[in-house]
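One structure is given here, and the rest of the page talks about it.
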Amino acid sequence: MLLACLSFAPVVMAKDSVTIYTEQFPPYNFSNKGHLEGINLKFVKAMCVDADIECHFELLPWSRAYHFAQKKPQSGLVSTARVPDREELFKWVGPLASSRNFFYRLQSNDRINPIDLSQVKDHSLCVVRDSIYEKFVESIGYEGDKNLLKVSHYYECINLFFKNKIELIIGSELSFKYQLMQYGHQGREVVKLVELPLNGAVGNFLALNKALPDELVARFQASYNKLSKQGLLEKYIEQYKAN
């Protein structure tokens, strides 16, 4: 009789599950007292709920997050700049919030005033390995054994920059002040210089592993389209601008 009852028990289907890696990149995605938040992270969380996909979020250094998102089938990465070199590495959902990128110097270093890309390489710079900036700055003349330092964490660049160990740093208009404030700076200590024209970049996206089924990718994109149309992304952008 027990077997007969079990045969009529309802089958509970497991919800589709995806692990989404992220990094400390405020205001897009970051940890605030152990709680993951930010413009793009909150929007992707809302997408997961709308698409009925169980999403697990994990904060890692960028290089590890970028590596895992390519190696682990049921995974993704946010926020990821969509550039030509990465196009075939992921399936893409978006675009999410992003902003323009610039070289900056310390206000106190008024002798450093490059006016175009041909001049910035005359000054030392720090970048995070595997970031979109790494290949670009090398393409305009930066060399690892000469004027370019590569690190694992962006805070290492900030630390070296404020200690005058490097002369320039790269930051995006929307995120740079947030990043400086996390390490006790106000943002008034820096001067914006030359824009970094990331050729072919079309903004930040949710990058999904190539092995993720197209049906799940389509559900993510449909939720993105729906929530964007409702104004949720703009709401989060304004919310974090106000902070």
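Checking PHE57, PHE43 one by one, the residue that is among the aromatic types (Phe, Trp, Tyr) and open to solvent by 30 Å² or more (accessible area, probe 1.4 Å) is PHE57 and no other. When PHE136 is tested against (1) part of a strand (DSSP E or B); (2) open to solvent by less than 40 Å² (accessible area, probe 1.4 Å); (3) not aliphatic (A, V, I, L, M), exactly one condition is not met: (1). One residue alone among SER79, SER118 is polar (S, T, N, Q), open to solvent by 40 Å² or more (accessible area, probe 1.4 Å) and out of contact with any Cys (no Cβ under 7 Å at 6 or more places or on another chain), and that residue is SER118.
All of (1) at pLDDT 90 or above; (2) buried (at least 21 other Cβ atoms within 10 Å of the Cβ) hold for GLN70 with one exception: (2). The set of residues in segment 123-141 that are modelled with pLDDT of 95 or more and over 14 Å from GLY171 (Cβ atoms) comprises HIS123, SER124.
Take SER63 and decide whether it is polar (S, T, N, Q), open to solvent by less than 80 Å² (accessible area, probe 1.4 Å) and over 29 Å from LEU227 (Cα atoms). Yes; evaluated as a whole, the condition is true for this residue. For segment 217-240, the tally of residues that are in a helix (DSSP H, G or I), of a type outside the set (Asp, Glu) and open to solvent by 70 Å² or more (accessible area, probe 1.4 Å) stands at 4.
Inspection of segment 173-191 identifies at least one residue that is modelled with pLDDT of 90 or more and either at positive phi or open to solvent by 30 Å² or more (accessible area, probe 1.4 Å) (or both). In the set (1) within 30 Å of ASN225 (Cα to Cα); (2) of a type in the set (Gly, Ala, Ser); (3) assigned to a helix (DSSP H, G or I), the condition left unmet by SER118 is number (1).
The values are calculated or read from the model by the stated rules, or taken from the named source; none is laboratory data. Note that this is a predicted model, so its numbers are computed, not measured. In this analysis, Cβ positions are derived from the backbone assuming ideal geometry, glycine residues included, and neighbour counts consider all displayed protein chains. Ligands, DNA and RNA are stripped out before the accessible areas are found, and what is left, the full protein with its side chains, is counted by its heavy atoms. Shrake-Rupley method; radii C 1.70, N 1.55, O 1.52, S 1.80 Å.
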